[in-house]
């Protein structure tokens, strides 16, 4: 079974949505909010080969965001789902403006990170952090946004509001990284280790408020966090293997929030 951060999150948000998306393979258009984040991640991946100043010039002078947006949109099998009265051109312009302001903010505040590599793929069997037992039936897969020369992992997040301590506390993606059981170096992932490797991670939050804000949040993860991630993954696996796919009723069960609203109405 393949396990990823997004798959586990989807299952715990709504088991039925997980089934419809990952098991039944029902594809939906990419939501505009997700498109916004995808483009930002793709643009910032260029920091592997460009300085912040060089990339800022690409964004402001050469229309890099527009080009990336068009490419991702063209390769989306179901297209992009824009909200009612939402302008594609305006959203794309807002995306370019946010990226430019983020890069400029890092430059003028001297917060440029020394990026060694970007979009680093990981694929490894699940390991029990308590005893080192390898489970070859479960494969943990995914991508890390970036890594610095000193081995710090970097994640870019877009948000409509600032993050606080509580938000950071429940963010378990770095916990999953400790579960990969690999040694991190400046080139990415290399030799497997038997015990969880302590992980240093930085989150750069691009806050999409009227006046954009930027947060840089640091965290360090270790064995306790690996055990937490392991339990979440095993609970997810247990639910899927036992075919527990009931819908999780919440305020998001509306056509505006859930793309699988119609399929959910037909369930049961």
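One residue is enough: does segment 6-28 have a residue meeting the conditions under 19 Å from the mean Cα position of the chain (by Cα), outside any helix (DSSP H, G or I) and closer than 27 Å to residue 217 by Cα?
Looking for residues that are under 19 Å from the mean Cα position of the chain (by Cα), outside any helix (DSSP H, G or I) and closer than 27 Å to residue 217 by Cα, one finds none in segment 6-28, hence no.
How many residues does segment 47-71 hold that are within 21 Å of the chain's Cα centre (by Cα), without any contact (Cβ under 8 Å) to a residue 40 or more places away in the chain and buried (at least 16 other Cβ atoms within 10 Å of the Cβ)?
So the count comes out to 3.
Tally time: how many residues in segment 73-103 are crowded, with 16+ Cβ neighbours inside 10 Å and either within 17 Å of residue 56 (Cβ to Cβ) or at pLDDT 95 or above (or both)?
8
Being surrounded by 13 or more Cβ atoms within 10 Å (Cβ to Cβ), farther than 20 Å from residue 46 by Cα and at pLDDT below 95: is that true of residue 147 here?
no
Could you tell me whether any residue of segment 110-118 is over 21 Å from residue 212 (Cβ atoms), free of Cβ contacts under 8 Å to residues at least 60 places away in the same chain and not in a helix (DSSP H, G or I)?
yes
Would you confirm whether any residue within segment 76-96 is in a strand (DSSP E or B) and out of contact with any strand residue (DSSP E or B) (no Cβ under 7 Å at 6 or more places or on another chain)?
no
Test each condition in (1) at pLDDT below 95; (2) over 27 Å from residue 161 (Cα atoms) for residue 33 and report the one that comes out false.
With respect to (1) at pLDDT below 95; (2) over 27 Å from residue 161 (Cα atoms), residue 33 is out only on (2).
Conditions tested, residue by residue: (1) at pLDDT 95 or above; (2) surrounded by fewer than 17 Cβ atoms within 10 Å (Cβ to Cβ); (3) farther than 18 Å from residue 22 by Cα.
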position	(1), (2), (3)
209	no, yes, yes
233	yes, no, no
236	yes, no, no
242	yes, yes, no
261	no, yes, no
268	no, yes, yes
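The values are calculated or read from the model by the stated rules, or taken from the named source; none is laboratory data. This is a predicted model, so every value here is computed, not measured. Note that each Cβ is placed from the backbone with ideal geometry, even for glycine, and that neighbours are counted across all protein chains shown.
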